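Data block below; observations after.
The values are calculated or read from the model by the stated rules, or taken from the named source; none is laboratory data. Every value quoted in this text rests on a predicted model; they were computed, and no experiment measured them. With ideal geometry, Cβ positions are generated from the backbone for all residues, glycine too; neighbour counts draw on all protein chains shown. These accessible areas exclude ligands, DNA and RNA; they are computed on the full protein's heavy atoms, side chains included. Shrake-Rupley method; radii C 1.70, N 1.55, O 1.52, S 1.80 Å.
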Amino acid sequence: ISGYSLVVQARDSGTPPLSSSVTVNVDISDVNDNSPVFTPANYTAVIQENKPVGTSILQLVVTDKDSFHNGPPFTFTILTGNEEEEFTLDPHGVLRSAVIFKHMVSTEYVLCVQAKDSGKPQQVSHTYVQVRVIEESIHKPTAIPLEIFIVTMEDDFPGGVIGKIHATDQDVYDVLTYTLKSEQKSLFKVNSHDGKIIALGGLDNGKYVLNVSVSDGRFQVPIDVVVHVEQLLQEMLQNTVTIRFENVSPEDFVGLHMHGFRRTLRNAVLSQKQDSLHIISIQPVAGSSQLDMLFTVQMHSGGFYKPAYLIQKLTNARRHLENVIRISAILEKNCSGLDCQEQHCEQSLSIDSHSLMTYSTARISFVCPRFYRNVRCMC
């Protein structure tokens, strides 16, 4: 317990008795009686041969149960095992190489490391670090090409994570890093550690080819990453149809079914090859395993097919569509879910362009805005 707060009252012996109170705060001063603690108690690490001087090998983690002025910052020292000065240890506890290691010269080093806290008198702890020198990489990284589809309202894309590169390496201890070679005003970034691709705000309609590569420190491999950006028009929202699928997650739909279903859907509803099918959004149905897909079809002449026409086409082709994925319903009635006399209802669809949903798989990523369907009775 670091302190106590007492309320003390003094009462006299008069009639009536009078009293007053005072608060007494008692702080318990900390004595430096706890040594630093390494987590874990001992360490093992590896470094590949031929890595450059200064390569990070290990991060030491130290805690102290004393108060902050008796704990960090800690002072680290290598006591034994570093007679040839092959290693350095910085004030933050990062162990680095001070030479270029060769597997044929030595395969293992054992260091005894000391940590001192900042108290008076100082408390000391020790740990042992085993460093193995392994052969350098012999396998190149492999990466899966990634295609990203972004749907956004006109010039209203807020930016964010739009996908992730999946790369592997057969060398067990290789650490992969990702880079994006870009111009000064690039609209994209890549996280160097995990391969996540980030888009900045204000993407224009069109196709972007990203110059991304992955490296294991020895080999660098290019990755095909293509980003398609489609901007929605307000008129599209007034001519949408929703197909509801049964027992499918958004990621499974994107990764396994989207391309095939899109192709089958085009054959079912397009009157001319020049017409354009636009998938506006996909979104799970709350509280169920169902999934809604919102789409519209633009005519070659520029207008949009009416929902009633698309629904008729879908109904006729439903059996063919279900060869790809099971359909739960085609939301065809504006009054769906409402018991209105003579079906006098008004349905509106709203898009939240700043609430993006990203469904990412190893090969395909689909980024779309969240939508809301509002239906009210006009009886």
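Just checking, how many residues over segment 149-177 are part of a strand (DSSP E or B) and within 15 Å of the chain's Cα centre (by Cα)?
Result for segment 149-177: 5.
Would you please list the contacts, defined by Cβ atoms under 6 Å and residues six or more apart or on different chains, that run from a residue in segment 284-300 that is in contact (Cβ under 8 Å) with a residue 24 or more places away in the chain and hydroxyl-bearing (Ser, Thr, Tyr) to a residue that is assigned to a strand (DSSP E or B) and open to solvent by less than 40 Å² (accessible area, probe 1.4 Å)?
Thr296/His278; Thr296/Phe304
Taking segment 180-198 only, how many residues are among the charged types (D, E, K, R), at pLDDT 90 or above and part of a loop (DSSP other than H, G, I, E, B)?
Looking only at segment 180-198, we keep the residues that are among the charged types (D, E, K, R), and these are 181, 183, 185, 189, 194, 196.
Keeping just the survivors that are at pLDDT 90 or above gives 189, 194, 196.
With part of a loop (DSSP other than H, G, I, E, B) added as a condition, the list becomes 194.
Going through segment 180-198 one residue at a time, the tally reaches 1.
Pairs, please: C-beta under 9 Å, at least 6 apart or cross-chain, first residue open to solvent by less than 30 Å² (accessible area, probe 1.4 Å) and in segment 132-152, second part of a strand (DSSP E or B) and of a type in the set (Asp, Glu)?
Every condition considered, the pairs that remain are Val133/Glu108; Leu146/Asp224; Ile150/Glu230; Val151/Glu230; Thr152/Glu230.
Can you tell which of Glu246, Glu251 is open to solvent by 50 Å² or more (accessible area, probe 1.4 Å) and at pLDDT 90 or above?
Glu251
From the set of residues in segment 231-241 that are open to solvent by 40 Å² or more (accessible area, probe 1.4 Å) and not in a strand (DSSP E or B), which is nearest to Leu146 (Cα to Cα)? Can you show your working first?
As a first pass, look at segment 231-241 and keep what is open to solvent by 40 Å² or more (accessible area, probe 1.4 Å): 231, 233-235, 238.
From what's left, not in a strand (DSSP E or B): 233-235, 238.
Numbers: Leu233: 27, Gln234: 29, Glu235: 31, Gln238: 32 Å.
The extreme case among them is Leu233.
Among the residues of segment 1-41, count how many are hydroxyl-bearing (Ser, Thr, Tyr), farther than 30 Å from Ser125 by Cα and open to solvent by 70 Å² or more (accessible area, probe 1.4 Å). Give the derivation first.
First, the residues of segment 1-41 that are hydroxyl-bearing (Ser, Thr, Tyr): 2, 4-5, 13, 15, 19-21, 23, 29, 35, 39.
Filter once more, so that each one left must be farther than 30 Å from Ser125 by Cα: 4-5, 13, 15, 19-21, 23.
Keeping just the survivors that are open to solvent by 70 Å² or more (accessible area, probe 1.4 Å) gives 4-5, 13, 15, 20-21, 23.
Residues that pass the stated criteria total 7.
Among the residues of segment 268-292, which ones are assigned to a loop (DSSP other than H, G, I, E, B) and surrounded by 12 or more Cβ atoms within 10 Å (Cβ to Cβ)? Break it down into steps so the answer makes sense when it comes.
Applying the first criterion (assigned to a loop (DSSP other than H, G, I, E, B)) to segment 268-292 yields 270-275, 285-290.
The answer is Leu270, Ser271, Asp275, Val285, Ser289, Gln290.
I'd like to check which strands (runs of 3 or more DSSP E) are fully inside segment 11-95 and have at least 1 residues that are closer than 22 Å to Leu111 by Cα.
43-48, 56-59, 75-80, 87-89
Of the residues that sit in segment 199-230 and are open to solvent by 10 Å² or more (accessible area, probe 1.4 Å) and in a loop (DSSP other than H, G, I, E, B), which one is nearest to Ser281 (Cα to Cα)?
Of everything passing the filter in segment 199-230, Asn205 is nearest to Ser281 (Cα to Cα).
Does segment 327-342 include one or more residues that are of a type outside the set (A, V, I, L, M, F, W, C) and at pLDDT 80 or above?
The first filter runs over segment 327-342 and keeps only residues of a type outside the set (A, V, I, L, M, F, W, C), leaving 328, 332-334, 336-337, 339, 341-342.
With the extra rule that they be at pLDDT 80 or above, the set shrinks to 328.
Yes, segment 327-342 contains at least one residue that is of a type outside the set (A, V, I, L, M, F, W, C) and at pLDDT 80 or above.
For segment 44-60, indicate whether the set of residues that are open to solvent by 30 Å² or more (accessible area, probe 1.4 Å) and either farther than 23 Å from Glu136 by Cα or in contact with a Pro (Cβ under 9 Å, 6 or more places away or on another chain) (or both) is non-empty.
Looking through segment 44-60, none of the residues is open to solvent by 30 Å² or more (accessible area, probe 1.4 Å) and either farther than 23 Å from Glu136 by Cα or in contact with a Pro (Cβ under 9 Å, 6 or more places away or on another chain) (or both).
Can you tell me which residue is farthest from Ser2 (Cα to Cα) among those in segment 77-115 that are surrounded by 18 or more Cβ atoms within 10 Å (Cβ to Cβ) and in contact (Cβ under 8 Å) with a residue 40 or more places away in the chain?
Checking each candidate, the answer is Phe101.
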